[in-house]
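S.K.: I'd like to ask some things about the structure below.
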Amino acid sequence: MNVVDVHELTKIYPGGVRKGGVVALDSVTLAVEQGEVFGLLGPNGAGKTTFLKVLLGITQITSGSAGIAGFSPSDPRSRQKVGYLPENHRFPGHLTGLGFLELTGRLYGMSQAEIDDRTDYLLELVGMDRWANMKIKKYSKGMSQRIGLAQALMCDPEILLLDEPTDGVDPVGKIEIRQVLKKVREEGKSIVLNSHLLSEVEAVADRVAILSRGKLIRVSSVEELTSRASQFEVEADIGSNVITIPPEVGKIISISSKGLIAELTKEENINQIIDQLRMKRVSIRSVKPMKVSLEQSFIETITASKEAAP
Amino acid sequence: MRGVTRDCVVEIFDRKTVYLFAAVTLIAVVIALLSPKMEMEFHATGNVDMGSMGDFLTNPITKALSTYLKFMVFLAVMASAGLVPNMLAKGRADFYLSKPISRTSLLLNKLVGIWLVYGGTIVLGGILTYAALVSAHGFFDWKILYVFALGLVSLFIWLSITTTVGIASGSTAMSIMSAFLVWVAQVILYWHEQIKGFLESKPVGYVVDGLYYIFPKTGEVSTIANACAYGKPVESWMPLYSSLIFSVVLVSLAVIIFKRRNY
């Protein structure tokens, strides 16, 4: 079941670019499944934040359609079980952390008993129980981010939309937030995560979408994006042995006494390399497909899309 | 929508403007308690225009309270002008708009919250001032409630202006300036008959008349309140009705703008 469903979604902000408007989203079609952690990647101005705002009805749709939790974003019921942590937020500074969570609970229509239970749990979860009675205007950036995450979780959401959740958070805090996200995922909830920190997305996301200049360039699993099916790394005691492969099988990218990296025309051609090594009585320690980081894959995808653009 | 209203109350108290209202009320109470002595001073010196003095003495309590309420409404409009733009500022609007409440409900609850808090403060201050006046002069009349009620109506009219401009422009300064401009316009338009006579142009006369009927008339609403409190017949209720229609139209416009806006 899809918890987020957008079809041919276009958002043009009026004004700018010689009055033709600024295209923030251009015919984007994608879906997020229940229980999935979905990463939204893209350079600045790609339309990631606009995408989340459209889902929440904060920004109006120009054309196409969007649905969240089975409702149109213009229907307030669509937000009943949706938590949102905005980027560059400025939460009401006149409230304490506790007061802020209570306000959030009331805006969700929760009873006072539910609010009390939930605030105690969440303040401890995000490590803000000690500062619960301090006013938000006195919070550091990291503290604001933690209380922001708590408010996003206040309604026990089925869908969690997070825009740069670890922005301004120290390394320990980042790990803690990641653990919170994993806990939320284990509960079967869906998360849509916008982040510039690709290592963070790589660590928690199941699938990612790459946006550039409002266009959806690619949607795939993190596994797919980071693996290089045609490249293999072989760890073996090659020593001074000479290993060669015909061009129709592939080519050796690098070789040393301790192993080699080969790019093959077909995945199963790895067997030919293994056969050759065994014939030469070379001891093989491991054979594994090459992986690249999500960051590397992201850069390659963005570069390719720019080159392909007219 | 207790959430929005309660948030509004906390925000207003955090801004500490309520202390200013308390200070003004304290001064008003002190003046009220000293007012019999001031009256005697006027009589002793005889340096006061006897026409206006007579008017003043017709019902000094009503006039004093009415003046106090007008000043408090003015302060409330200035103090509250930033509340709506602040709620919709970049980074703040996202929080409110991502919750399961409609924009119409959010805006109206904010407006009602502001009106209730400042209206309540004004009424409380008014009651204290009136109590001081009553204790000083030994005069009490239930009809004074008209002054309170129409004072609250005036506050709503002004809030509808600052709220609509706040939604449209997102600027506190614009909200305050627009309230001031409407006040200037209504003062000028009060003399619409004289202006028409001076201009001697029928089309311009129609425009001036039209503007007079469109714009709010809080000064004349205050006159209606005083007449009710004096127990005198009201010449025309039109200023009250037309001002209320103006406010309702403005609030509707604010809702329409708010619903269409991107944040």
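S.K.: Does B:K90 satisfy the condition of being within 30 Å of A:C155 (Cβ to Cβ), among the basic types (K, R) and at pLDDT 90 or above?
M.R.: No; evaluated as a whole, the condition is false for this residue.
S.K.: Quick one: which of B:V234, B:V251, B:V208 is more than 14 Å from chain A (Cβ to nearest Cβ), in contact (Cβ under 8 Å) with a residue 24 or more places away in the chain and either out of contact with any helix residue (DSSP H, G or I) (no Cβ under 7 Å at 6 or more places or on another chain) or not hydroxyl-bearing (S, T, Y) (or both)?
M.R.: B:V251
Residue by residue, here is whether (1) at the interface with chain B (Cβ under 10 Å from one of its Cβ atoms); (2) part of a loop (DSSP other than H, G, I, E, B); (3) out of contact with any strand residue (DSSP E or B) (no Cβ under 9 Å at 6 or more places or on another chain); (4) in contact (Cβ under 8 Å) with a residue 12 or more places away in the chain holds:
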position	(1), (2), (3), (4)
A:D26	no, no, no, yes
A:A31	no, no, no, yes
A:G35	no, yes, no, yes
A:F38	no, no, no, yes
A:T50	yes, no, no, yes
A:T59	yes, yes, no, yes
A:G83	yes, no, no, yes
A:L98	no, no, yes, yes
A:A113	no, no, yes, no
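S.K.: Out of curiosity, is A:L103 within 14 Å of another protein chain (Cβ to nearest Cβ) and surrounded by 17 or more Cβ atoms within 10 Å (Cβ to Cβ)?
M.R.: When the stated conditions are applied, A:L103 passes them.
S.K.: Would you confirm whether any residue within the stretch A:162-175 is out of contact with any Lys or Arg (no Cβ under 7 Å at 6 or more places or on another chain) and on the phi > 0 side of the Ramachandran plot?
M.R.: Looking for residues that are out of contact with any Lys or Arg (no Cβ under 7 Å at 6 or more places or on another chain) and on the phi > 0 side of the Ramachandran plot, one finds at least one in the stretch A:162-175, hence yes.
S.K.: I'm trying to understand the selection: among the residues of the stretch A:51-78, which are more than 14 Å from B:Y263 (Cβ to Cβ), within 21 Å of the chain's Cα centre (by Cα) and at pLDDT 95 or above?
M.R.: Passing the criteria: A:F51, A:A66, A:G67, A:I68.
S.K.: So, one more: Go over the candidates B:L111, B:L116, B:L107 one by one and state the one that is more than 18 Å from the chain's Cα centre (by Cα), assigned to a helix (DSSP H, G or I) and touching a residue at least 60 places away in the same chain (Cβ under 8 Å).
M.R.: Criteria check complete, one pass: B:L107.
S.K.: Which condition breaks for B:Y146 when tested against (1) surrounded by fewer than 23 Cβ atoms within 10 Å (Cβ to Cβ); (2) within 18 Å of B:P239 (Cα to Cα); (3) touching a Pro at 6+ places or on another chain (Cβ under 8 Å)?
M.R.: With (1) surrounded by fewer than 23 Cβ atoms within 10 Å (Cβ to Cβ); (2) within 18 Å of B:P239 (Cα to Cα); (3) touching a Pro at 6+ places or on another chain (Cβ under 8 Å) applied to B:Y146, the lone miss is (3).
S.K.: Same structure, new question: Taking the condition within 29 Å of A:I302 (Cβ to Cβ), within 14 Å of chain B (Cβ to nearest Cβ), in contact with a helix residue (DSSP H, G or I) (Cβ under 8 Å, 6 or more places away or on another chain) and assigned to a helix (DSSP H, G or I), does A:L149 pass?
M.R.: Spelling it out, A:L149 is indeed within 29 Å of A:I302 (Cβ to Cβ), within 14 Å of chain B (Cβ to nearest Cβ), in contact with a helix residue (DSSP H, G or I) (Cβ under 8 Å, 6 or more places away or on another chain) and assigned to a helix (DSSP H, G or I).
S.K.: Among the candidates B:S98, B:S105, single out the residue that is within 14 Å of another protein chain (Cβ to nearest Cβ) and either under 19 Å from B:L69 (Cα atoms) or surrounded by 23 or more Cβ atoms within 10 Å (Cβ to Cβ) (or both).
M.R.: B:S98
S.K.: Still on this structure, please answer the following. Sort out for me the helices (runs of 4 or more DSSP H) sitting completely within the stretch B:133-233 that have 2 or more residues that are under 18 Å from B:L111 (Cα atoms).
M.R.: B:145-169, B:172-189
S.K.: Okay, moving on. From the set of residues in the stretch A:195-207 that are free of Cβ contacts under 8 Å to residues at least 60 places away in the same chain and in a helix (DSSP H, G or I), which is farthest from A:V222 (Cα to Cα)?
M.R.: Across the stretch A:195-207, the extreme among qualifying residues is A:E200.
S.K.: Taking the stretch B:86-142, which residues are of a type in the set (S, T, N, Q) and over 20 Å from A:P92 (Cα atoms)?
M.R.: Those that are of a type in the set (S, T, N, Q) and over 20 Å from A:P92 (Cα atoms): B:T104, B:T121, B:T129, B:S135.
S.K.: Something else: List pairs: first in the stretch A:273-288 and modelled with pLDDT of 90 or more, second of a type in the set (K, R), Cβ under 8 Å, 6+ apart or cross-chain?
M.R.: Sorted first by the residue in the stretch A:273-288, then by its partner, the pairs are A:I284/A:R278.
S.K.: Of the residues B:T129, B:T67, B:T45, B:T121, which is away from chain A (no Cβ under 14 Å) and at pLDDT below 90?
M.R.: B:T45
S.K.: Here is a further query. Hey, could you check the stretch A:63-81 for residues that are among the hydrophobic types (A, V, I, L, M, F, W, C), crowded, with 18+ Cβ neighbours inside 10 Å and not in a loop (DSSP other than H, G, I, E, B) and say which is nearest to the other protein chains (Cβ to nearest Cβ)?
M.R.: Among residues in the stretch A:63-81 that are among the hydrophobic types (A, V, I, L, M, F, W, C), crowded, with 18+ Cβ neighbours inside 10 Å and not in a loop (DSSP other than H, G, I, E, B), the one nearest to the other protein chains (Cβ to nearest Cβ) is A:I68.
S.K.: Does B:F246 satisfy the criteria of being away from every other protein chain (no Cβ under 14 Å), touching a helix residue (DSSP H, G or I) at 6+ places or on another chain (Cβ under 7 Å) and either in a helix (DSSP H, G or I) or surrounded by 13 or more Cβ atoms within 10 Å (Cβ to Cβ) (or both)?
M.R.: Yes: the conditions hold for B:F246.
S.K.: Moving on. List the number of the failed condition for A:R218; all other conditions in (1) surrounded by 18 or more Cβ atoms within 10 Å (Cβ to Cβ); (2) more than 23 Å from A:F298 (Cα to Cα) hold.
M.R.: Going through (1) surrounded by 18 or more Cβ atoms within 10 Å (Cβ to Cβ); (2) more than 23 Å from A:F298 (Cα to Cα) one by one, A:R218 breaks only (2).
S.K.: Please go through the stretch A:115-137 and pick out each residue that is more than 10 Å from chain B (Cβ to nearest Cβ) and closer than 19 Å to B:M87 by Cα.
M.R.: A:I136
S.K.: Counting only residues that are in contact (Cβ under 8 Å) with a residue 12 or more places away in the chain and surrounded by fewer than 22 Cβ atoms within 10 Å (Cβ to Cβ), which one in the stretch A:185-194 is nearest to the chain's Cα centre (by Cα)?
M.R.: A:R185
S.K.: Considering only residues that are part of a strand (DSSP E or B) and β-branched (V, I, T), look in the stretch A:210-238 and name the one that is farthest from A:V37 (Cα to Cα).
M.R.: Taking the candidates together, the pick is A:V234.
S.K.: Is there a residue being farther than 21 Å from B:Y230 by Cα and within 17 Å of the chain's Cα centre (by Cα) anywhere in the stretch B:60-73?
M.R.: yes
S.K.: Right, A:L162: more than 10 Å from chain B (Cβ to nearest Cβ), within 28 Å of the chain's Cα centre (by Cα) and under 25 Å from A:E36 (Cβ atoms) or not?
M.R.: Taking the combined requirement at face value, the residue satisfies it.
The values are calculated or read from the model by the stated rules, or taken from the named source; none is laboratory data. The model shown is predicted, which means the values in this text are computed figures rather than measured ones. Using ideal geometry, Cβ is built from the backbone for each residue, glycine included, and neighbour counts are taken over all protein chains shown.
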